[in-house]
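First up is the structure itself, then whatever we jot down about it.
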Amino acid sequence: MKHFNSIVNVINSLRSKGLLQQAVELDHFLRRNAQELGGGNPLADLLEADPTGGEAPPEMGDAPEAPVPEQSPQTPEASKAICTLYYQFEKWHAILDRELPKFDYLGKENIDALRSSLVNVHRAFERALQNKPRNFDKQQVDRWNQEVEKLVQQMRKSQEAKINPTKAIVDTNLLYNTTNRLSESCKRAAGKESGSGEVAEEFSNLMRVFTNVIKSTSEQVAGQDLTKVR
């Protein structure tokens, strides 16, 4: 029994160090030679000595099961980032929904497609934040609100200007590039916050629609790829 207990201790030690295959082989040796080493029921004794709960080890030759990778924990910082982004987008969505029709050279169907895509992003945000605390960075949201109000003043001036290459570039920067900034922020935050993948996907859909609109309208005026202009 003394030898038997010593081998059981070695098996447990191997398991605790992650050496599962060696523990399995030694356990099979123990089972085969239990009578010579002290008799008794080796499985019962192993269950009593094994602090892990005494699950029977896999058969000889079977590879130990790979550990299940742990998911990245959802952090308060990630939740705060997504919620902050939601309030930034909510403000920008309201502005675009109101101002886009005034850029009529983009075309009514294109504007309708953009407004519909914006709604889809908004709904995805609401689903992602459902039943979650609305903890956000107030200073960051306030700075954003001040910034976009300045953009609105620039929009008003541009809306009165005649269509030419300069106006097309300015409008793309105001409308497309500002929206793309939010989309890029969403990509960074979504990887750290569970349940926000749909938001990132809808943002990507929105930017595809926006890119198509710019390429079919503003780039015809400016004569260059405006989605690359910063």
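The values are calculated or read from the model by the stated rules, or taken from the named source; none is laboratory data. Just so you know, these numbers come straight off a predicted model, no measurement behind them. All Cβ positions, even for glycine, are placed from backbone atoms using ideal geometry, and neighbour counts span all protein chains on display.
List of remarks:
Yes/no per residue for (1) under 30 Å from residue 127 (Cα atoms); (2) among the small types (Gly, Ala, Ser); (3) touching a Ser or Thr at 6+ places or on another chain (Cβ under 9 Å):
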{"position": "151", "(1), (2), (3)": "yes, no, yes"}
{"position": "166", "(1), (2), (3)": "no, no, no"}
{"position": "171", "(1), (2), (3)": "no, no, yes"}
{"position": "184", "(1), (2), (3)": "yes, no, no"}
{"position": "189", "(1), (2), (3)": "yes, yes, yes"}
{"position": "198", "(1), (2), (3)": "yes, no, no"}
{"position": "210", "(1), (2), (3)": "yes, no, yes"}
{"position": "213", "(1), (2), (3)": "yes, no, no"}
{"position": "221", "(1), (2), (3)": "no, no, no"}
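- Within the option set 183, 158, 218, 204, being surrounded by 13 or more Cβ atoms within 10 Å (Cβ to Cβ) and more than 16 Å from residue 114 (Cα to Cα) holds for one residue only, 158.
- Residue, surrounded by the fewest Cβ atoms within 10 Å (Cβ to Cβ), within the range 125-139, restricted to residues that are at pLDDT below 95 and of a type outside the set (D, E, K, R): 131
- Every residue from the range 96-153 that is polar (S, T, N, Q) and part of a loop (DSSP other than H, G, I, E, B): 130, 131, 135
- In the range 121-154, of all residues being in contact (Cβ under 8 Å) with a residue 60 or more places away in the chain and hydrophobic (A, V, I, L, M, F, W, C), the one that is farthest from residue 98 (Cα to Cα) corresponds to 128.
- Residues that are closer than 25 Å to residue 188 by Cα and surrounded by 13 or more Cβ atoms within 10 Å (Cβ to Cβ) do not occur anywhere in the range 101-108.
- The numbered conditions (1) closer than 16 Å to residue 177 by Cα; (2) out of contact with any Leu (no Cβ under 6 Å at 6 or more places or on another chain) are all true for residue 132 except (1).
- Residue match in the range 171-192 (condition: among the acidic types (Asp, Glu) and at pLDDT 95 or above): yes
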